[in-house]
Each structure stands twice: as structure tokens, then as C-alpha cells.
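The values are calculated or read from the model by the stated rules, or taken from the named source; none is laboratory data. Note that the structure is a prediction, hence the values are computed from the model and not measured. Every residue, glycine as well, gets a Cβ built from its backbone with ideal geometry; the counts of neighbours run over all protein chains shown.
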Amino acid sequence: MSEYVVELKNAVKRFPGVLALNQMHLAVKPGEILGLIGENGAGKSTLIKVLTGVHQPDEGEIYVNGEKKVFRNPNDSAAAGIACVYQELNIEKLLSITDNIFINKWIKGPGGLLDYNAMHAKAKEVMASLGQDVDPTKAAGTFGMGVQQMIEIAKAVLIDAKMIIMDEPTSSLGEKEVEQLMRTCRDLKSRGIGIVFVSHKLEELFELCDRVTVIRDGQYIDTRDISGWDNDSLITAMVGRSLDNQFPKEFGVKSAQPMLKVSGLMEAGVLNNVSFEAYGGQILGFAGLVGAGRTETMRAIFGADPIDGGSIEIKGQAMQIRSPRQAINAGIAFLTEDRKGQGLVLAESIRNNLILANLKGFANGPFLNTKKIEEEGQKNISSLRIKTPSIDEIVGQLSGGNQQKVVIGKWVNTESDIFIFDEPTRGIDVGAKVEVYNVMNSLVKAGKCVIMVSSEMPEILGMSDRVIVMRGGEVMADVDRDSKHFNQESLMKAAWGGKLDD
């Protein structure tokens, strides 16, 4: 009997122009939580797809409880007891919780009819075992991300999974939902289920995992007990170099006048009298809990959502911005947190995505300037360190971090003066984060105004010159880097509604 519930040995996977996995190893014990970490483009997604039968390895073997398996498709993997909760949840939001859990696994009664009473009861029981007291007859889309994620985990429990892969499971969750997920992982572990926990958040790995495996450039690097790792050794193993400064803050020259002035912004039930100023040569951070109104403020400024009142000035000039096109023309770039849904055309090439926000700037009259597109695109790939076999690679084939870099490149290629970064490092690795920060530094040093919305407090403190704290659609605090309140405790106090003394 093998000591591992699932073991991947010497896996090789090739795609045209790319060796995605090269002699890859992964071994998971029953009842353990194994952290899996690596830079974007390291091969994590390909590794997951091999284990779940989406891709077949060109070389190598998969063993489940010591028995060799060949997965021709995801059904084979599921039948062997391997399940995956993907970062992009596979939920049919209009269907009930029960339908989502039992889809293709229906319980049938006499005459072959679906036995909904039995399925509702079982769905309620499984969700309750995951800490969720919910009505299984209600549509899945009426619940928040935390419950939807538990529906995905319930599917895995229902097929009696021996191993569950959790792919960036906390990337879209609030603090309370993360705590519930951690409890659920520990409970599944106590039932003898092996868990592969994929995360870029080092603190989560140290809190939850028994061991951590590091991969880099499609190759296995190391596996150690969690006690054998610390932040520095994990980062060095992951990126192949030490990152002496996780937040490489550089300072620009603050403009004499605000580049952006927002006064009394109102949106019924969403924003209440939001006012602030943002300067060129600085990064203005926006902090607050999930649902505080930060993204909604940025969407209102960008003309993506209509406002009920308030005014916007750019370089001292009043602006009526009622659409994203008007915002772009006014010199505003908006890097949305939903890079896949709103930031990119996934079916198009890197080349085409990089020019989307500034087609006019890449044209000679009615024709596109192909030479300029090629030159600027290659510059973007080099300066942003986009990992790709070519500029014509389809963006949907890139890793999450490299997709984020393409979004940044798209906006850097505009004539914008104001850059709004909404959760710019969500779901990307430590090395890619530093590259994003360096892009921000270069914009600030060029006199541009950068606004950064982030739920990561160390990132806010590490990179901001000033911080606005929001709660419930209102500004609670405006804190300068030189202030005594420029610390995590004070900013969190304001985020929870506390007043900061002078």
C-alpha cells in the first residue's frame, strides 16, 4: 500500500513551442494539506489539468493509492476520486444548489423519475457538513462567493473524493469566508481526504499546510514540511532568485495641483458623498473591506456606472464622463479587477489585446501600423516580462499573471495620465507582483497619477504615498505616508468604521 493517496511521477507535457511540464513530481498523503506554489507560468495549471484528466501527459505516470491510472478525460479522474475546485467556479447560477451538486449524478426513484426529496435532503446534509445552513432549493447565484465555493466542495464530497485540489480558493473571498474555508479544509483533512492547496498567499500556506511543494518553469524544485520553509526560502525557491524588497517603493515628484479631483460623488445605495484628490507623481491607495465601495468609486469615475451627483475634475477642468470611451479620451486608464471578463479578449492574440485601448494611436489613417504594433508589443513583452512563445500567442492560453501583464501593457500603450489599478496583483505570484510594482514606479516617476485599489494591507502600506479608507460607500480616512496613522492597525480601525484622532 502506497503512503500517498495520489502520486504523479516524471510527468512531461509539451505544447507547440512550450515545454509546460518537465519531469514533474507531486505526491499527496491521505489526510494532509499539501501547499503548491510557483510563479505564474510555472506549470501549476497544466499540472492540475493533467491530474484531472483535462490533459494527458506525454510521459509519466499517475498513481492513486498505489495503483497506476490512465485518465483519458475528466470523468476518469473523478471516478478515481480526484476533484478540483477551480479559481473560476463552475457554478450554474440559475440552477438550485441541489441541481448544481447532483448534476450528472442524479438520484432516481421508482420509474426513473428524479427523486428531488432525497437530493434536497442530501444536499442540505452535505452543505451543513461544510458549515453552510442554506436552503438547497434556492438558486446558487443568489448566494455569495463563499457559499458558491462550498457548493463546488460539496460536489467533491459527494463523489467521495480521495483528493481535492483547491486552485487559488481564497482569491475572491472576504475575511469571514476565508476563515470558513480554512475550517472546511481542516475538517476534510480530519476525514482522511488529501488536499492540494494552490495559493500565492504565503501566510495562508503557513497557517494551513502540512507540507509545501515548489515548482518553477515546469519543473519540480522541492517539497518540505512547513517547518522547513520561511518566507525568504519559499520566494527564492519559487523565483530562482531572492527578492530583497517585496515592495520596491520609489518616489516621484508630486504635482503642484491635483491631477484628479472628485467631489461629492453619489450613487444611490452604493456611494455617499465620496470626495478625494489624487496627484501626479504619487500612488494613492484605496483600502477597505470587501464591499466598501472602492471598485464602485473607480467604475463611476471611469463612466462604467452612472452617478446621481457629484463632480470630477481632471487637471483643474470639470469633466462630464458618462462612458468609458469619454474616460479614455480624458486620459484615464482603468485596469479592472475582472481581467478575464472585462480586461481582455481571451480568444485574441497578445498583439491584438495590446492595442485595444488605443487603436487610433496604432493607425496610419484607416490602416493599422503593423510595424509600430510589433515594435511596441515586443517592448511590452520585454519590459513586463510576459512569458510567451510569441506575440501571436492567444491570451487565453497564458497564465493568470501573464494575462494581468497584458492588461497592464494595453493601458501603458495609451496616452493616459491617470492609471487606476483595481486589485492589480490578485491571483499572481510574488515575482510577477514585483514587476507590477515596478510598472507603477515607472508611471509615477514619469509624473503620472496612479490609484491602486487593494485588499492586501501590506501592499497598500508598501506602495502608497497616501491612502483613502472606505466603508459602506463613504470615505472614512485620508492618511498620508508621513502620518502616525500610516499603519495596519489604524487603517483597519477606519475600515471597520472607527474614527482616527488627529
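A compact table of results
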item: Options THR184, THR213: the member that is at pLDDT 90 or above, closer than 26 Å to GLY38 by Cβ and touching a strand residue (DSSP E or B) at 6+ places or on another chain (Cβ under 9 Å); result: THR213
item: Selected residue [surrounded by 15 or more Cβ atoms within 10 Å (Cβ to Cβ) and among the hydrophobic types (A, V, I, L, M, F, W, C)] from ALA494, ALA446; result: ALA494
item: Residue match in segment 161-170 (condition: assigned to a helix (DSSP H, G or I), in the same structural domain as GLY31 (by TED's automatic domain parsing) and among the aliphatic types (A, V, I, L, M)); result: no
item: Some residue of segment 126-143 being closer than 21 Å to GLY53 by Cβ and surrounded by 13 or more Cβ atoms within 10 Å (Cβ to Cβ); result: no
item: Test: residue in segment 426-449 that is in contact (Cβ under 8 Å) with a residue 24 or more places away in the chain, at positive phi and in contact with an Asp or Glu (Cβ under 6 Å, 6 or more places away or on another chain); result: yes
item: Filtered residues of segment 461-472 (kept if at pLDDT 95 or above, in contact with a helix residue (DSSP H, G or I) (Cβ under 7 Å, 6 or more places away or on another chain) and outside any strand (DSSP E or B)); result: MET463
item: Any strands (runs of 3 or more DSSP E) falling wholly within segment 188-285 and containing at least 1 residues that are in the same structural domain as ALA327 (by TED's automatic domain parsing); result: 258-267, 271-279
item: Single match in GLY38, GLY60 (criterion: surrounded by fewer than 19 Cβ atoms within 10 Å (Cβ to Cβ), of a type outside the set (Lys, Arg) and closer than 22 Å to ASN10 by Cβ); result: GLY60
item: Subset of segment 98-124 [assigned to a loop (DSSP other than H, G, I, E, B) and either at pLDDT 90 or above or of a type outside the set (Gly, Ala, Ser) (or both)]; result: ILE103, ASN104, LYS105, TRP106, ILE107, LEU113, ASP115
item: Per-region count, segment 307-353, residues at pLDDT below 85, of a type in the set (A, V, I, L, M, F, W, C) and in contact with a Lys or Arg (Cβ under 9 Å, 6 or more places away or on another chain); result: 2
item: Residue in segment 459-474 that is under 26 Å from MET266 (Cβ atoms), surrounded by fewer than 17 Cβ atoms within 10 Å (Cβ to Cβ) and either within 20 Å of the chain's Cα centre (by Cα) or not aromatic (Phe, Trp, Tyr) (or both) present; result: yes
item: Test: ALA268 is crowded, with 16+ Cβ neighbours inside 10 Å and either of a type outside the set (Val, Ile, Thr) or more than 24 Å from the chain's Cα centre (by Cα) (or both); result: no
item: Matching residues in segment 65-101 - criterion: being loosely packed, with under 14 Cβ neighbours inside 10 Å and basic (Lys, Arg); result: LYS68, ARG72, LYS93
